[in-house]
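The values are calculated or read from the model by the stated rules, or taken from the named source; none is laboratory data. No experiment lies behind these values; they were computed from the predicted model shown. Note that we place each Cβ from the backbone using ideal geometry, even for glycine, and neighbour counts take in every protein chain shown. SASA here: full protein model, heavy atoms, side chains in, ligands and nucleic acids out. Shrake-Rupley method; radii C 1.70, N 1.55, O 1.52, S 1.80 Å.
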Amino acid sequence: MHRKFWVVMILVTAALISSGVPALAEQRNVPLAGDTVRAAAVWQSFVAWLKAYEVGDLKGTMDIFDHSVNFAFQGGPDQSYADLEASYVSDFKTRSPGTVWSPQIAEVYADDALAFVRSVWELHVTQSDGSIKTAARNRSIDVFHLMPDGKWRIFRSLNYPEKA
């Protein structure tokens, strides 16, 4: 348990203190690092999550999260799996057409059984004239572990809003 904790902390620290953020990649050109075969599998899980979220598929959206997930957003209380699920239920019922959260992926890193996705999420809002405004930007790192069933699941998510 202690080894896993320190490996995760090293991965998270390395991601957060890396010198600058490289040019953010388009989703089809995501930078894979470490064990690139495993990183590609993590990326496929992430893509499935994005697609499920886009169509409001609650089961598909929640499938990426470990039941022990801890989701942290700076300035708010940490959220559990149940909290996230309730949040997605509410979001799917109330989100406005033309409002989209879009990730810009900086890196997908994986090793034997741990991985992370480092990204910047932007809230895009379609204006009445058809233009798109970026209403918010949040830096994020999602930490995954490889489950016995072969699926990669997020067990820790750290999110920080960018200041204007």
>> A 22 angstrom limit on the alpha carbon distance is what I want to check against. Which of LYS51/LYS163; LYS59/LYS151; LYS93/LYS163 exceed it?
In response: LYS51/LYS163; LYS93/LYS163
> Using a 1.4 Å probe on the protein chains only, how many percent of the accessible area of the range 51-103 belongs to carbon and sulfur?
Replying inline: 54 percent
>> Taking amide H atoms as placed 1.01 Å from N in the peptide plane, list the residues 5 or more away in sequence, or in a different chain, whose amide H sits under 5 Å from that of GLU107.
In response: ARG118
> Under the Karplus relation 6.51 cos²θ - 1.76 cosθ + 1.60, θ = phi - 60°, what is the ordered set of whole-Hz ³J(HN,Hα) values for the range 142-150, x standing for Gly and Pro?
Replying inline: 10, 9, 10, 10, 7, 8, x, 7, x
> Considering amide H positions built from the backbone, and no H for Pro or chain starts, which residues 5 or more places from ARG156, or on another chain, come under 5 Å of its amide H?
Replying inline: ASN70, VAL143
> Between SER128 and LYS151, what is the spin-label point distance in nm, taking each point 7 Å from the Cα along the Cα→C-beta axis?
Replying inline: 4.4 nm
>> Using a probe radius of 1.4 Å on heavy atoms only, what accessible surface per residue do you get for the range 24-162? Whole Å² is fine.
In response: 52 Å²
>> If packing is taken as the average number of other Cβ atoms within 10 Å across a peptide's residues, how do 126-132, 90-96, 142-148 rank, most packed first?
In response: 142-148, 90-96, 126-132
>> What does the C-alpha gyration tensor say about the overall shape of the range 79-148? Classify as rounded when a/c is under 1.5, otherwise prolate if a/b is larger than b/c, or oblate.
In response: oblate
